[in-house]
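The values are calculated or read from the model by the stated rules, or taken from the named source; none is laboratory data. None of these values were measured; they are calculated from a predicted model. Every residue, glycine as well, gets a Cβ built from its backbone with ideal geometry; the counts of neighbours run over all protein chains shown.
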Amino acid sequence: MLKQVKKLLWWLLAGTSGGLSRGKIIDVISKKPMNANEIADELHLDYKTVRHHLDVLRKNNLITTMGSGYGKMYFPSEILEDNMKYFYEIWDEIGKNKKKDENNEVKK
């Protein structure tokens with residue numbers, strides 16, 4: 001039986017649009033806490049897009065914040081930290097599928 005957190009990660013990363021961006025955000029903030037602007041710069045994503053994904057992750061208790069305004073820093077939540085093995089398991093599988101999709105498009 002899948003743990004609830006694993007189900008949530010599958011849904012947020014693979015079952016909804018924007019999952020790849022959310023996965024990239026989780027990946028970078030698990031290595032180094034950042035503010036939204038730093039995340040946008042690091043991932044070459046639009047700032048408003050990053051803010052949207054941060055809100056989705058926060059509402060689902062996967063990330064937490066410290067500070068306020070421009071300096072608000074984003075961190076993995078305790079729930080996510082305790083279940084990072086599930087994140088990387090799903091992230092590895094999604095990444096492999098994305099590479100397959102890109103290779104198929106190149107061959108067409």
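Before moving on, here are some points about what is shown:
- Every residue from the stretch 15-67 that is free of Cβ contacts under 8 Å to residues at least 24 places away in the same chain and of a type in the set (Ser, Thr, Tyr): Thr16, Ser17, Tyr47, Thr64, Thr65
- Gly19 meets each of the listed conditions (1) crowded, with 16+ Cβ neighbours inside 10 Å; (2) touching a strand residue (DSSP E or B) at 6+ places or on another chain (Cβ under 9 Å) apart from (2).
- Matching residues in the stretch 42-73 - criterion: being exposed (fewer than 13 other Cβ atoms within 10 Å of the Cβ), hydrophobic (A, V, I, L, M, F, W, C) and under 13 Å from Val28 (Cα atoms): none
- Count of the stretch 56-88 residues, restricted to those that are of a type in the set (A, V, I, L, M, F, W, C) and in contact with a Leu (Cβ under 6 Å, 6 or more places away or on another chain), is 4.
- Among the residues listed as Pro33, Pro76, the single one being at pLDDT 95 or above, buried (at least 16 other Cβ atoms within 10 Å of the Cβ) and more than 21 Å from Gly95 (Cα to Cα): Pro33
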